[in-house]
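The values are calculated or read from the model by the stated rules, or taken from the named source; none is laboratory data. What you see is a predicted model, and the numbers here were worked out from it, not measured in a lab. Don't worry about glycine lacking a Cβ; one is built from the backbone with ideal geometry, like all the others, and counts go over all protein chains shown.
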Amino acid sequence: MLSPLGLSPSFGFGDRLGLATPGHIAAVKGTGLAPIFAQQSVRENARTGRTPQQVIDDAKRAVESAHWEAPWGADADHLKTVDDLPPFIEAGYTFFTIDPSAYVDNAADTDPLAVLQEKVRGSDLDQLSDLYLHPAGERVWGGFDTHKLLQAEVKYGGAIRHTVGMYHHLSESMESFDFEISVDETDAPTTSLEHYFIASELTRQGVKFTSLAPRFIGRFEKGVDYIGDLVALDAEMAKHAAVTFHFGTYKLSLHSGSDKFSIYPLIVKNWGSRLHVKTAGTSYLEALRTLAVTSPELFEQIWSLGLESYEADRATYHVSAEAALVPTDQALPALLDDFHARQILHVTFGSALTHYGQEIRAELVRHADAYNANLQKHFCSHLDLLK
Ligand SMILES: [Zn+2]
């Protein structure tokens, strides 16, 4: 049953090809995690040439033929403007992820006080001071002084207003839905104090949100494990969890969550069941792993195209792979385990699907059992760590 998932621990399986849901179902069955089987961002739809309706229909077909009876969700991911909403609402999406990063003023971190004071005119500073300046109220996530409060309002005030507007727009056309605010693609990590400010302001302004995705410290690059200091991340995750438990009304959401094996134990330890994890491109990589065995010639064409288009296609993604560092003598399908090859293939999916989409889909339909088995194995290695 397609429905909002509320505060159940949940896992998002983005599927760029529309053929991965059977493998996702096989992996998530029995884990106790509530699945999102349809999850595509506006950016992904633009690159795959699919519509929100096609994405949800592909998932529905697989859900019906597998007789999946439990609730599942459909995530309209990284929505940036009000104009992004209608096709997802019409198609029956249940989970709306708002990305207000265009309204985040990153300069606030370094603006001099006078500039902050100029920028913040128009906000109700007396009210904000009453709400947030409590000298005795220092918490795990820190406390505000006047300067920090001005910074928070300048940095996130516009993003909060935009999110409230998106929420009102949705509320006018839908009765119940999951609502996520995601600042994971902003320039700088979200401090736990900033997280507190965002959650508090949204709550105060009547937004009922189900999850919030901060940007965490370190690097969450596509298709590979976490790059950064695990001890520092552990401490940060604990502080973000403290903010979340303080409100008690939403979950923490981790984007680019695939292949982050080293941090899953930290998520479980710190967040308990108040978690949502999103993955997307890693299912596409499992499709390529399948092709590397069943149709090596097609795979080689995709790989050559990936090397050609990487520099252009990487622009809107967090990746650090270098084509020159891919081992030249790597056999298939082991190439799919190389850091650089994974990222190159991960972000060039749009180019690959434009040129070879039909061939790729036809091969995966022909070898559906192999594709499902690869997906099941890959996702069980994730989900086992979240149990
Ligand atoms: Zn994201």
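Considering the range 353-380, the residues that are among the aliphatic types (A, V, I, L, M) and touching a Ser or Thr at 6+ places or on another chain (Cβ under 8 Å) include one that is surrounded by the most Cβ atoms within 10 Å (Cβ to Cβ), namely L375. Number of residues in the range 37-61 that are in contact with a His (Cβ under 8 Å, 6 or more places away or on another chain) and either over 15 Å from G12 (Cβ atoms) or within 16 Å of the ligand (Cβ to nearest atom) (or both) equals 3.
Residues checked against (1) touching a strand residue (DSSP E or B) at 6+ places or on another chain (Cβ under 6 Å); (2) more than 30 Å from P22 (Cβ to Cβ); (3) part of a helix (DSSP H, G or I):
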{"residue": "N45", "(1), (2), (3)": "no, no, yes"}
{"residue": "H67", "(1), (2), (3)": "no, no, no"}
{"residue": "G73", "(1), (2), (3)": "yes, no, no"}
{"residue": "P87", "(1), (2), (3)": "no, no, yes"}
{"residue": "A107", "(1), (2), (3)": "no, yes, yes"}
{"residue": "D111", "(1), (2), (3)": "no, yes, no"}
{"residue": "D130", "(1), (2), (3)": "no, yes, yes"}
{"residue": "Q151", "(1), (2), (3)": "no, yes, yes"}
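On the stretch given as the range 155-212, residues that are among the hydrophobic types (A, V, I, L, M, F, W, C) and without any contact (Cβ under 8 Å) to a residue 60 or more places away in the chain total 9.
To keep it simple, each residue is scored yes or no on (1) within 16 Å of the ligand (Cβ to nearest atom); (2) in contact with a strand residue (DSSP E or B) (Cβ under 7 Å, 6 or more places away or on another chain).
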| residue | (1), (2) |
| --- | --- |
| G158 | no, no |
| H162 | no, no |
| L170 | no, yes |
| S173 | no, no |
| S176 | no, no |
| D184 | yes, yes |
| D187 | yes, no |
| T191 | no, no |
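Return yes or no: is E118 farther than 26 Å from D77 by Cα, acidic (D, E), in a helix (DSSP H, G or I) and at pLDDT 95 or above? Criteria met by E118. If you go through the range 280-318 and keep only what is modelled with pLDDT under 95 and either over 18 Å from A341 (Cβ atoms) or part of a loop (DSSP other than H, G, I, E, B) (or both), you end up with A280, A315, T316, Y317, H318.
Looking across the range 23-44, the residues that are out of contact with any Asp or Glu (no Cβ under 9 Å at 6 or more places or on another chain), of a type outside the set (A, V, I, L, M, F, W, C) and surrounded by fewer than 20 Cβ atoms within 10 Å (Cβ to Cβ) come down to K29, G30, G32.
Name the single residue that is surrounded by the most Cβ atoms within 10 Å (Cβ to Cβ) among those in the range 243-263 being within 16 Å of the ligand (Cβ to nearest atom) and either among the small types (G, A, S) or part of a helix (DSSP H, G or I) (or both). The qualifying residue surrounded by the most Cβ atoms within 10 Å (Cβ to Cβ) is S258. Would you mind stating whether E236 is under 30 Å from Y284 (Cα atoms), surrounded by 15 or more Cβ atoms within 10 Å (Cβ to Cβ), in contact (Cβ under 8 Å) with a residue 40 or more places away in the chain and among the charged types (D, E, K, R)? Here the answer is no, as E236 does not meet what is asked.
Looking across the range 214-251 at every residue that is touching a Lys or Arg at 6+ places or on another chain (Cβ under 8 Å) and among the small types (G, A, S), the one that is farthest from L133 (Cα to Cα) is identified as G223. Filter the range 199-242 down to the residues that are in contact with a Ser or Thr (Cβ under 8 Å, 6 or more places away or on another chain), of a type in the set (K, R) and either under 30 Å from F349 (Cβ atoms) or part of a helix (DSSP H, G or I) (or both) and list them by number. Within the range 199-242, R215, R219, K222, K239 meet the criteria.
When restricted to residues that are more than 14 Å from the ligand (Cβ to nearest atom) and touching a Phe, Trp or Tyr at 6+ places or on another chain (Cβ under 9 Å), the range 193-217 contains 17. For the range 34-78, how many residues meet the condition of being modelled with pLDDT under 95, among the small types (G, A, S) and within 28 Å of R274 (Cβ to Cβ)? Summing the residues that are modelled with pLDDT under 95, among the small types (G, A, S) and within 28 Å of R274 (Cβ to Cβ) in the range 34-78 gives 1. All of P86, P35 fail the test of being of a type outside the set (G, A, S) and touching a residue at least 12 places away in the same chain (Cβ under 8 Å), apart from P35.
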